[in-house]
Every structure is written in C-alpha cells, then in structure tokens.
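Student: I'd like to ask some things about the structure below.
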Amino acid sequence: MRQLCILLTLCVLTLTALSQTTPFIDAETERLLVNELSGDHAYDNLRWLALWHRTSASRDYHEAAQFIEKRAKEYGLVDVKIVRHKATNPGWSASFGELWVVEPSEVKLGSYADYAVALATNSRTTHVKAPLVDVGAGTTDADYEGNDVSGKIVLASGSVGAVMNQAVWKRGALGIVSHMYQTFPRISSMVDRPDQVAWGNLPYKNADGKESTFGFMVSPRKGKMLQDMLKNGPVTVKVDIEAEFNETAWEEYVEGWIRGTSISDQQIFLTAHLQEEKPSYNDDASGCVSILEIARTLNRLIKEGRIPRPKRDIRFFWADEISSEYQYFQDHPEDRKKVLVNINQDMVGAKQSLGSRVQHVTRTPHSIPSYLSDVVANIATYVMLGNTHFITTAGAGQSQPYSKPILSHLGTRERFAMLVVPYFNSTDHLVFNEGIIGVPGVTLTNMPDDFIHSSDDDAFQIDQTQIKRNAFIVASAAWYLANAEETEAPVIAFEVYHTAMKRIHTDGLAAANHILKNKNNSEAAYKEARNVIEQAYVRESRAVESARVFAAKAGAGGKQIDNLKNMLMSQQGGSLSALDEYYKSVTSKATPKITLTEKEKQLSRKVPQNIENVADYFTKRQGVGGVPGLHNEMRYEALNFVNGKDSYLDIFNAVQAEAISAGEYYYGKVTLEAIEQLLDKAVASGCVTLK
C-alpha cells in the first residue's frame with residue numbers, strides 16, 4: 001500500500017504545481033520577443049486576408065496567396081514562392097448571388113456581396129424563379145412524403161450535401177435554400193446565434209456524374225420567417241447566381257525561409273492554412289498572420305543584431321489545409337528526413353470571453369512521443385501562468401493583474417485560458433504525425449468555437465492580445481529548437497523525464513479508475529489497466545530518447561539520456577506492484593494471471609508493414625475507410641503504429657492504452673475486433689502488407 005500512496009500523492013502534486021518558470025526562454029530573448037511581436041500589426045494583415053473568399057483553388061484563394069507572398073518578402077523571408085499542385089476538384093469562384101422572395105411580397109433574403117457564405121461552395125450559375133417547398137431537414141426519404149419537389153426549390157435545415165442528394169438528384173428539385181446551423185458543436189438552436197449563416201459545401205458532382213445545382217444559405221431566423229410565410233400560403237423565390245469553374249485548377253501553398261547558419265536538414269516547420277470562407281478571421285487567417293508576424297519579428301531582430309541567425313532553418317508554410325502537406329510529402333518523400341518538428345497554428349485569435357473559448361495545445365500522439373510536446377507545453381504554461389490573476393501574487397510583490405503580461409495595445413486584457421490536451425488532428429499537423437511521415441507535430445487550436453465556418457467568424461470576436469500570446473509561444477519554441485545543441489540536450493531530456501513521470505502517474509490513476517469502474521469484469525479490467533501502465537513506460541522511454549537528436553554521439557547529453565531512461569524504467573515494477581495492491585484492495589481478489597486468448601495469440605503473429613512509396617500509400621489508403629465504433633483518432637493512431645515490427649496485438653495494446661489514458665469520453669472505446677478489422681482492411685487496400 002505504501003507504493004500506492006506514493007503513486008497517488010505524486011499524481012496530486014503534479015496537478016497542483018504552479019511554478020512559473022521555463023528553461024526554454026532566457027530573460028533577454030523573452031524581453032525582445034514581447035517587445036517586438038505585435039498582435040496589432042498582425043491584426044492589420046488579418047483585415048486584408050478577410051477580404052477574400054478563400055475556397056480551395058479559387059480566384060480569391062490565389063489573390064490571398066499573392067498577398068502572403070508579398071508580405072513574406074517584405075518581412076525578410078528568403079526563397080519565398082507560391083507552389084502549385086493539381087487540385088482534387090475544379091476550382092470554384094463566384095461573382096454574384098442574390099435570393100429574393102417575389103411572392104406574396106418582395107423581400108431580399110441574402111446576397112453574396114453582403115456575405116460570401118450566402119452561396120454554398122460549388123453552386124452553379126443559376127437564374128430561376130420557382131415555388132418554395134419546406135422539407136424540414138430534407139435529408140431522409142421521410143422528409144419528402146407528401147411533398148412534390150420536382151421543378152421547385154426546397155427549404156431545408158439539413159446538410160446541403162445530403163439535401164442535394166435527396167431533393168435534387170433523386171426528386172428533381174431545382175436547388176436549395178438552406179437554413180442549417182453551423183456544423184460544429186455548440187450551435188444547436190436558434191437561441192444560440194439566430195442570425196448566423198453557416199458555410200455550406202456542395203459536392204462538385206456525385207458518383208453517377210450528376211452535378212450539384214445550387215445552395216443558397218440563410219440564417220435560422222430567416223429560415224423560420226420563410227416557414228411562417230409558407231404556413232399562410234404559397235411562396236415564390238428568385239435565385240440569381242453567377243459562378244464559374246476552372247477545370248484545370250491548381251491548389252497552392254506559399255513558403256518562405258529563415259535560413260540557418262549550419263544545419264539544413266533539421267527544419268523547424270511552422271504551418272497555418274490559408275483556405276477557408278470569407279471572412280474567416282479566426283479560422284485560420286489568425287494562424288496565417290501569426291506566423292507572418294513571427295517571421296517579421298525574428299528577421300528584424302536578426303537584421304538589427306539583437307539575436308543571432310539561427311543554426312537550423314525555420315520554414316514558414318501557408319497551406320491549403322492538410323492537402324498541401326500531403327501533396328508536399330508525396331512529391332518530396334526524401335524531405336521526411338529533413339524536417340525536425342512541425343508547430344501548427346489553427347485558430348489563435350479568439351476573444352476568449354466570447355463563447356468561453358480555451359486555447360488548446362496538443363501533445364503529439366502516442367505513436368510518436370516527442371520532446372516537442374514538452375517544450376511547447378512548458379512555454380504555453382509559462383505564458384498562461386504569467387497572464388492569469390492569482391489572489392496571492394500581489395502579496396509576493398508581483399505586478400498586477402499579471403506577473404508576466406503579454407498584451408497588445410488594441411487588444412483586451414483578458415486572462416489567457418490555455419489547456420494542454422491529448423492529441424487531436426483535423427488540421428495541418430496531422431500529416432506530419434502520420435506513421436509513414438514520422439515528424440512530430442503539435443497544434444495550437446482554440447475550442448469550442450461558436451463562430452467557425454460561418455458568417456460570424458468576423459472581426460468582432462478577435463483579440464489582438466491572444467494573437468500575440470500565441471505568436472510568442474510558437475516563436476519561443478521555434479527559436480529554442482532552431483538553436484538547440486549538445487548543451488541543451490540534458491535540459492530537454494530532463495524536462496521530458498520529469499513530465500514523463502507526471503504522465504505515468506496520471507496513467508496510474510486512469511488504470512486504477514478503469515479497475516474501479518469495471519469491477520463486474522475485474523479480470524479483464526486488470527489486464528487492460530496493467531497494459532496502460534506498461535504502455536506508459538514504453539511511450540515515455542521513447543519520449544526521453546527523442547531528445548537524443550540534440551546530443552553528440554559521445555557527449556554528456558547522450559549519457560544523461562541513458563541515465564534518465566534507466567531511472568524511468570527502473571520504476572515500472574513499483575508502478576505495477578502499486579496497481580496490484582490497488583486491485584486486491586477494491587476487489588478483495590488475488591491479482592489474476594495474465595494470459596493470451598487464442599485470438600490474441602493468432603494476432604500476435606500478424607505483423608503489418610507499410611508499403612514504401614509514399615504517394616502509393618496515401619492513394620491506396622483512401623480505400624481503407626473507417627470501422628464502426630472506432631473513433632477516427634484511434635483509426636489514425638492504429639495505422640500510425642504500423643512499422644513492420646509490431647503485431648496486430650501490439651498495435652491494439654498501444655491504441656487501447658492511449659484511449660483509456662485519455663478517457664473514453666475523448667477517444668471512445670477500442671476493441672481488439674475493431675483493430676483487427678481496420679488492419680485487415682488496410683492490407684486489402686494494398687497500403688499495408690503482412691510480413
């Protein structure tokens with residue numbers, strides 16, 4: 001029991017420690033960055049980007065890319081260029097769109113000139129006047145019972161893609177007036193944001209070659225108004241749209257560099273994505289202007305001799321979200337070995353008091369544990385603690401309300417709500433973390449967000465202060481890693497080791513809680529809980545080892561890493577013994593013997609490996625699909641763990657432990673059957689083979 005008490009005590013201590021220190025920013029560099037970085041300057045660039053409806057491969061996207069290219073050159077980046085790659089679908093650009101009620105009375109409902117999301121992406125040139133029919137959600141056959149929609153325009157609240165299928169392609173409707181709510185969480189009723197207009201996206205065409213017609217987007221309030229009008233009699237609407245498709249469209253990304261003095265094959269890769277709807281201030285124009293501001297700041301400080309040129313290259317990359325990175329590594333697979341880390345920013349401008357938003361900072365997934373997580377998390381926590389008001393700090397003689405204020409002149413003085421969270425993807429860093437790519441990547445992304453992908457992602461909900469704070473975190477981490485050498489290796493490794501111990505203790509609590517919640521199936525729960533702890537030590541040993549990239553082959557840093565790994569692994573027995581004691585205490589049973597089932601024995605002999613060609617791998621992986629009941633993040637992770645060494649059973653153990661560690665609410669439940677089905681589908685698709 002003594003070991004268990006130690007385990008629980010350490011867990012509590014890790015949650016209450018609030019030491020405001022960091023080994024990754026010296027005082028002078030901190031002063032220089034805080035003084036020079038400007039959320040106000042970044043906000044001016046944000047105003048420009050918000051003028052363009054930046055849909056993929058569109059005319060507006062290209063103009064936005066040219067703006068980024070121009071600013072990047074002005075700010076001193078070198079080798080700045082726009083790089084084109086073939087678009088998946090034809091580029092869509094609109095120039096005009098209006099929706100009117102013409103009967104029973106004339107009412108203007110919406111205009112592309114007023115808000116670009118009035119037109120669902122891929123809406124075609126249309127000039128039509130027709131009756132309006134309310135079909136409710138419009139996504140199922142039941143919505144159309146008793147409704148003849150042929151030759152009419154439907155009013156619907158469901159996903160415009162699903163309504164296009166049901167109303168237009170199946171039943172001959174002319175098009176859609178949509179009053180759907182924003183597709184992300186939290187916007188669920190007209191009470192929330194009744195005048196918000198969601199951004200709709202139509203498929204270019206369906207599998208049978210049928211083309212989409214149009215989707216005109218209106219707010220929930222106007223949707224309700226139209227429903228009320230229809231209750232009193234017929235309603236006729238008039239739709240006028242001018243749009244065009246570029247059948248030979250190109251997607252684009254913009255890149256630029258701060259060249260290092262001595263290391264060119266360990267790039268610090270900073271990303272943000274340029275494509276989104278207009279105005280899309282936060283998603284992700286805020287990330288785009290943040291890395292622009294980092295480029296301006298570092299280059300000015302270098303030019304003025306206040307900081308030296310970094311040792312490693314710092315690369316700035318403005319992407320067509322996710323697709324640009326996938327295309328880049330397919331075109332340049334050799335560059336996987338030339339990128340050290342990726343730090344992504346996707347939504348870093350939120351006024352946090354609107355919608356109770358929190359800046360989430362991810363760790364890397366368990367498949368690629370890395371020092372990067374701890375360096376970025378340490379700096380982010382440092383900024384959070386320095387920009388949070390504590391009741392005791394005045395008595396300690398600290399400045400009020402914040403001890404380390406990072407503020408913009410035109411921004412708010414709100415606190416910095418920040419949370420380091422387990423991995424999630426859905427933005428650009430996911431490509432780097434792919435098992436076949438193998439580059440650790442993290443993202444800074446605020447959530448929840450009531451404004452994303454809608455007309456409300458506008459200037460009113462942006463805070464220059466939060467842009468500056470996030471830029472400081474990324475600039476500090478990038479600068480430290482761009483200059484880290486042998487002398488920094490012990491510092492990085494020591495940070496990883498001690499945060500690893502915190503995570504292991506937290507996993508110990510998760511394992512114990514797993515047993516407690518599943519006492520009716522205690523033997524299986526014990527086996528799974530024990531696996532959580534075993535996997536934690538494997539993962540954290542790899543995290544400590546990751547710091548070796550900065551250590552000379554025979555230097556002190558390498559020896560420190562070896563010692564820390566040995567110290568770490570020497571504690572595994574104690575953690576498992578503590579779990580055994582806990583199991584006996586809460587179940588009044590002896591710990592069960594761990595044995596493999598026949599299925600587990602079978603799967604322990606199946607070892608998958610990725611095919612070598614990166615482009616072929618991603619092409620063939622498109623046919624894998626999902627598995628019912630398996631969270632998308634865990635699907636992603638299972639495929640990341642494929643390495644030609646670990647078996648199906650090994651991969652299951654790793655992914656199940658990751659899910660239990662974070663919690664079922666976060667990653668769902670992982671079963672052996674789901675992992676087997678997924679990996680078998682990967683083998684069948686040809687992206688994975690069996691050894």
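The values are calculated or read from the model by the stated rules, or taken from the named source; none is laboratory data. In this text, all values refer to a predicted model and were calculated from it rather than measured experimentally. Cβ: placed from backbone, ideal geometry, glycine included. Neighbour counts: every protein chain shown.
Student: Residues that are without any contact (Cβ under 8 Å) to a residue 12 or more places away in the chain, at least 2 per element: which helices (runs of 4 or more DSSP H) completely within the stretch 586-691 meet that?
Tutor: It comes to 598-603, 664-667, 672-685.
Student: Conditions first: (1) at pLDDT 95 or above; (2) over 28 Å from Arg530 (Cβ atoms); (3) touching a Phe, Trp or Tyr at 6+ places or on another chain (Cβ under 8 Å). Ala475 passes all but one, so which condition is the exception?
Tutor: Unmet condition: (3).
Student: Something else about it: In the set Val431, Val496, which member is closer than 30 Å to Val688 by Cβ and in contact (Cβ under 8 Å) with a residue 12 or more places away in the chain?
Tutor: Unique residue meeting the criteria: Val431.
Student: Given the options Ser604, Ser570, Ser647, Ser588, name the one that is under 28 Å from Arg336 (Cα atoms) and of a type in the set (S, T, N, Q).
Tutor: Unique residue meeting the criteria: Ser647.
Student: May I pose another question? Out of (1) assigned to a loop (DSSP other than H, G, I, E, B); (2) modelled with pLDDT of 95 or more; (3) not hydroxyl-bearing (Ser, Thr, Tyr), the odd one out for Val431 is which?
Tutor: Answer for Val431: the failing condition is (1).
Student: Starting from the stretch 372-383, take each residue that is more than 17 Å from Lys404 (Cα to Cα) and list its partners that are in a helix (DSSP H, G or I) and β-branched (Val, Ile, Thr), counting only C-beta distances under 6 angstrom and pairs at least six apart or across chains.
Tutor: Qualifying pairs under 6 Å: Asp374/Val496; Asp374/Thr499.
Student: Sticking with this structure for a sec: Answer yes or no: is there a residue in the stretch 506-528 that is touching a His at 6+ places or on another chain (Cβ under 8 Å) and either at pLDDT 95 or above or over 30 Å from Glu581 (Cα atoms) (or both).
Tutor: yes
Student: Also, I was wondering about something else. Scan the stretch 449-489 residue by residue and report those that are of a type outside the set (Gly, Ala, Ser) and in contact with a Pro (Cβ under 6 Å, 6 or more places away or on another chain).
Tutor: Asp458, Asn483, listed by residue number.
Student: Quick one: which of Leu354, Leu340, Leu298, Leu292 is under 26 Å from Met418 (Cβ atoms), in the same structural domain as Val420 (by TED's automatic domain parsing), surrounded by fewer than 18 Cβ atoms within 10 Å (Cβ to Cβ) and of a type in the set (A, V, I, L, M)?
Tutor: None of the other options fit; the residue is Leu354.
Student: Follow-up. Looking at this structure, is Phe316 in a strand (DSSP E or B) and assigned by TED's automatic domain parsing to the domain that holds Gln461?
Tutor: Judged against the criteria, Phe316 is a match.
Student: Run down Ser588, Ser575 and say which single residue is on the phi > 0 side of the Ramachandran plot and outside the structural domain of Ile675 (by TED's automatic domain parsing).
Tutor: Ser588
Student: So, in the stretch 1-39, exactly how many residues are hydroxyl-bearing (Ser, Thr, Tyr) and either surrounded by 14 or more Cβ atoms within 10 Å (Cβ to Cβ) or at pLDDT 95 or above (or both)?
Tutor: 4
Student: What do you reckon, is Gly305 buried (at least 18 other Cβ atoms within 10 Å of the Cβ), small (Gly, Ala, Ser) and in the same structural domain as Ser56 (by TED's automatic domain parsing)?
Tutor: No; evaluated as a whole, the condition is false for this residue.
Student: Looking at Val614, Val607, Val624, Val642 in this structure, which one is in contact with a strand residue (DSSP E or B) (Cβ under 6 Å, 6 or more places away or on another chain), among the hydrophobic types (A, V, I, L, M, F, W, C) and surrounded by 14 or more Cβ atoms within 10 Å (Cβ to Cβ)?
Tutor: Within the list Val614, Val607, Val624, Val642, the selection yields Val642.
Student: I'd like the residue in the stretch 207-227 that is hydrophobic (A, V, I, L, M, F, W, C) and either touching a Leu at 6+ places or on another chain (Cβ under 6 Å) or part of a helix (DSSP H, G or I) (or both) and, out of all such residues, is surrounded by the most Cβ atoms within 10 Å (Cβ to Cβ).
Tutor: Within the stretch 207-227, the match that is surrounded by the most Cβ atoms within 10 Å (Cβ to Cβ) is Phe216.
Student: Let me ask something else. Tell me, yes or no, whether the stretch 387-398 has at least one residue that is at pLDDT 90 or above and either crowded, with 22+ Cβ neighbours inside 10 Å or outside the structural domain of Thr443 (by TED's automatic domain parsing) (or both).
Tutor: yes
Student: Can you tell me which condition Ala547 does not meet? The list is (1) surrounded by fewer than 19 Cβ atoms within 10 Å (Cβ to Cβ); (2) in a helix (DSSP H, G or I), and all the others hold.
Tutor: (1)
Student: Here is a further query. In the list Ile436, Ile467, Ile406, which residue meets the criterion of being buried (at least 24 other Cβ atoms within 10 Å of the Cβ), in contact (Cβ under 8 Å) with a residue 24 or more places away in the chain and of a type in the set (Val, Ile, Thr)?
Tutor: From the options Ile436, Ile467, Ile406, the qualifying one is Ile467.
Student: In this structure, is Pro104 surrounded by fewer than 21 Cβ atoms within 10 Å (Cβ to Cβ) and at pLDDT 95 or above?
Tutor: yes
Student: Of Ala42, Ala113, Ala65, which residue is farther than 24 Å from Phe269 by Cα, at pLDDT 95 or above and not polar (S, T, N, Q)?
Tutor: Going through Ala42, Ala113, Ala65 in turn, just one is farther than 24 Å from Phe269 by Cα, at pLDDT 95 or above and not polar (S, T, N, Q): Ala113.
Student: Any chance you could count how many residues in the stretch 409-426 are surrounded by fewer than 19 Cβ atoms within 10 Å (Cβ to Cβ) and out of contact with any helix residue (DSSP H, G or I) (no Cβ under 6 Å at 6 or more places or on another chain)?
Tutor: 7
Student: Another question about this same structure. From the list Val670, Val683, pick out the single residue that is β-branched (Val, Ile, Thr) and surrounded by fewer than 24 Cβ atoms within 10 Å (Cβ to Cβ).
Tutor: Just one listed residue meets the conditions, Val683.
Student: Go through Leu49, Leu77 for me and flag whichever is within 18 Å of Trp257 (Cα to Cα), modelled with pLDDT of 95 or more and surrounded by 20 or more Cβ atoms within 10 Å (Cβ to Cβ).
Tutor: Of the residues listed, the single one that is within 18 Å of Trp257 (Cα to Cα), modelled with pLDDT of 95 or more and surrounded by 20 or more Cβ atoms within 10 Å (Cβ to Cβ) is Leu77.
Student: What's the number of the condition Leu630 fails, among (1) closer than 19 Å to Pro369 by Cα; (2) among the aliphatic types (A, V, I, L, M); (3) touching a Leu at 6+ places or on another chain (Cβ under 8 Å)?
Tutor: Checking Leu630 against (1) closer than 19 Å to Pro369 by Cα; (2) among the aliphatic types (A, V, I, L, M); (3) touching a Leu at 6+ places or on another chain (Cβ under 8 Å), the one that fails is (1).
Student: Looking at (1) assigned by TED's automatic domain parsing to the domain that holds Ala272; (2) over 25 Å from Tyr402 (Cβ atoms), which one does Glu488 not meet, given that it meets all the others?
Tutor: (1)
Student: Applying the selection to the stretch 85-101, what residues are surrounded by 15 or more Cβ atoms within 10 Å (Cβ to Cβ), under 25 Å from the mean Cα position of the chain (by Cα) and assigned to a strand (DSSP E or B)?
Tutor: Correct list: His85, Gly91.
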